[in-house]
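The values are calculated or read from the model by the stated rules, or taken from the named source; none is laboratory data. None of these values were measured; they are calculated from a predicted model. Quick reminder, even Gly has a Cβ in these numbers, built from the backbone with ideal geometry, and neighbours come from all protein chains shown.
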Amino acid sequence: MTEREAVAHLLRRATFGPTADEVDAAARAGLAATLDRLLGPTGTDRGATATPTPDLGPDPAAALGKGATRERRQQANRERREQVDTLTAWWLARMVAAEHQCDEKLLFFWHGHWATSVRKVRSAPLMLRQLETLRRLGRGPLPPLVDAMVRDPALILWLDGQQNTRKAPNENLARELMELFTLGLGGYRETDVKEGARALTGWTVDRRTGDARFAPRRHDPGPKTILGRSAAFDAGSYAALLAGRPEAARFVAGRLWFRYAGTQVPAPADLAGPDTVGTLRRIFTAPAFAQTRDTLVKQPVEWLVGAARQLGVRPSALPEAARRRLSAALAALDQVPLRPPSVGGWPAGTAWLTTSSLQARLRVADQLAGVADARALGRLAAAPPAARPDALARLLVVDRWSDRTRAALTPLAGQPRRLLVAGLVSPEYAVS
């Protein structure tokens, strides 16, 4: 692998999708300097500043009393849906525009790891608050993040934590906290789940304010034995116990490898760093990471955001109708941020490579080509027809086309837009 190919590989994995100009700049800077810049960005993120967090206002249904009319409840639900649409469109726009791309993609990783769906939470403001927590703490060590998440209002509602009382413990949050978020399947026993549920009792969510509140009378203050340790565990000490286990650091490092490197190459030992950024550095510098090139299927959000960045599409600058079509495209691709299908998050790998998904990508690729910056199509049109497949590879940061793909692209060289659509749905673009 050449230095340029190594830099392109790093950028494809650490970001949502690099532009050709970004690869050029990174190749000039070198692999080590590029990694330092990705993991430790400096200065203001101008793209993020240009897509400011929306002011969603309060939950429209929070102030409804028991005597609210059916019409008023329906109106509140419509306003809730509008808030969710606003938040989803904003995050998509920020994913595309953000200059600190590694941080933005890391937030998407954590969103899939602590998979929480607005369909059950039913509050865009609470989902935004969770994203802000993940953004604030996601780069650092695991304990502060786990401590914050066990008190996160959206996660509490998502996993029925508000139903967890000393008289009737609910095990959902305790189970997923160990199985999916910290230790992994097999890292605990059923008795640990039951005792962990007791530790988490007492936390509720005030729908009027959106705050998580502790109700002492609902909490079980008695001694619990969890993972061989006995104490009067509460939410904070239980979170500290889990996050401090070496198994937790290894598990989360493995999840990072799974999402950034895939499953085709086994994860090296000792990936876990002192914090998330340290773990990412170990992943990206591991010799095995270079071997994962061309093995990781892009998730639909990664595919769409990367394509938008490379084509100069800025969702926030599009007419409203085009923005709505782009947001609807996420639903057609079966991956809508804020709406993971389950607490296990979205699938990975070849699950995204189906006949129906190809048809959806064709439609979305055509939409993207229709709103692409004129300079992107201009770069293709400026090249001689015989050189346009190679110009397309540069535009989409594809290292090389297979003979089969090149044979399919060559007849389209005289039609830059169709050529672009074909490139976006090619195997080489779907797999990084």
Quiz item: Are there any pairs with C-beta distances below 6 angstrom linking a residue in the stretch 113-133 that is over 9 Å from Ala154 (Cβ atoms) to a residue that is of a type in the set (Val, Ile, Thr), with the two at least 6 apart or on different chains, and if so which?
Solution: Ala115/Val343; Ala124/Val84
Quiz item: Within the stretch 275-292, restricting attention to residues that are part of a loop (DSSP other than H, G, I, E, B) and within 21 Å of Phe108 (Cα to Cα), which residue is nearest to the chain's Cα centre (by Cα)?
Solution: Asp275
Quiz item: How many residues does the stretch 342-363 hold that are in contact (Cβ under 8 Å) with a residue 40 or more places away in the chain, in a helix (DSSP H, G or I) and either closer than 30 Å to Arg129 by Cα or hydroxyl-bearing (Ser, Thr, Tyr) (or both)?
Solution: 4
Exercise. Go through the stretch 207-221 and count every residue that is closer than 19 Å to Tyr238 by Cα and within 27 Å of the chain's Cα centre (by Cα).
Key: 1
Self-check item: Boolean, Glu79 is under 19 Å from Ala308 (Cβ atoms), surrounded by fewer than 20 Cβ atoms within 10 Å (Cβ to Cβ), out of contact with any strand residue (DSSP E or B) (no Cβ under 6 Å at 6 or more places or on another chain) and not polar (S, T, N, Q)
Solution: no
Quiz prompt | Every pair of residues 6+ apart whose Cβ atoms lie under 9 Å, when the first sits in the stretch 195-208 and is free of Cβ contacts under 8 Å to residues at least 12 places away in the same chain while the second is not charged (D, E, K, R) | solution = Asp206/Ala62; Asp206/Pro153; Asp206/Ala212
Quiz item: What tally of residues in the stretch 200-250 results from selecting those that are part of a loop (DSSP other than H, G, I, E, B) and not polar (S, T, N, Q)?
Solution: 18
Quiz item: From the residues in the stretch 222-239 that are under 24 Å from Leu145 (Cβ atoms), in contact (Cβ under 8 Å) with a residue 24 or more places away in the chain and in contact with a strand residue (DSSP E or B) (Cβ under 9 Å, 6 or more places away or on another chain), which one is surrounded by the fewest Cβ atoms within 10 Å (Cβ to Cβ)?
Solution: Ser237
Quiz item: Looking only at residues in the stretch 167-192 that are assigned to a loop (DSSP other than H, G, I, E, B) and of a type in the set (A, V, I, L, M), which one is farthest from Gly236 (Cα to Cα)?
Solution: Leu185
Practice problem: Could you look through the stretch 6-54, keep only residues that are within 26 Å of Trp90 (Cβ to Cβ) and among the acidic types (Asp, Glu), and pick out the one that is surrounded by the most Cβ atoms within 10 Å (Cβ to Cβ)? | Solution: Glu22
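Is it true that Val398 is touching a residue at least 40 places away in the same chain (Cβ under 8 Å), outside the structural domain of Tyr260 (by TED's automatic domain parsing) and among the β-branched types (Val, Ile, Thr)?
Details: touching a residue at least 40 places away in the same chain (Cβ under 8 Å): no; outside the structural domain of Tyr260 (by TED's automatic domain parsing): yes; among the β-branched types (Val, Ile, Thr): yes.
Considered against the rule, which asks whether it is touching a residue at least 40 places away in the same chain (Cβ under 8 Å), outside the structural domain of Tyr260 (by TED's automatic domain parsing) and among the β-branched types (Val, Ile, Thr), Val398 comes out as no.
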Quiz prompt | Candidates Arg375, Arg339, Arg325, Arg379 - the one that is among the basic types (Lys, Arg), surrounded by fewer than 20 Cβ atoms within 10 Å (Cβ to Cβ) and either part of a loop (DSSP other than H, G, I, E, B) or touching a strand residue (DSSP E or B) at 6+ places or on another chain (Cβ under 8 Å) (or both) | solution = Arg339
Quiz item: Taking the stretch 200-214 as the search range and keeping residues that are loosely packed, with under 13 Cβ neighbours inside 10 Å and of a type outside the set (S, T, N, Q), which one is modelled with the lowest pLDDT?
Solution: Arg208
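Out of everything in the stretch 1-33 that is among the aliphatic types (A, V, I, L, M) and free of Cβ contacts under 8 Å to residues at least 24 places away in the same chain, what residue ends up being nearest to Phe284 (Cα to Cα)?
Residues of the stretch 1-33 among the aliphatic types (A, V, I, L, M): 1, 6-8, 10-11, 14, 20, 23, 25-27, 29, 31-33.
Those left that are additionally free of Cβ contacts under 8 Å to residues at least 24 places away in the same chain: 25-26, 29, 32-33.
On the way: Ala25: 19, Ala26: 15, Ala29: 17, Ala32: 10, Ala33: 13 Å.
In this case the residue turns out to be Ala32.
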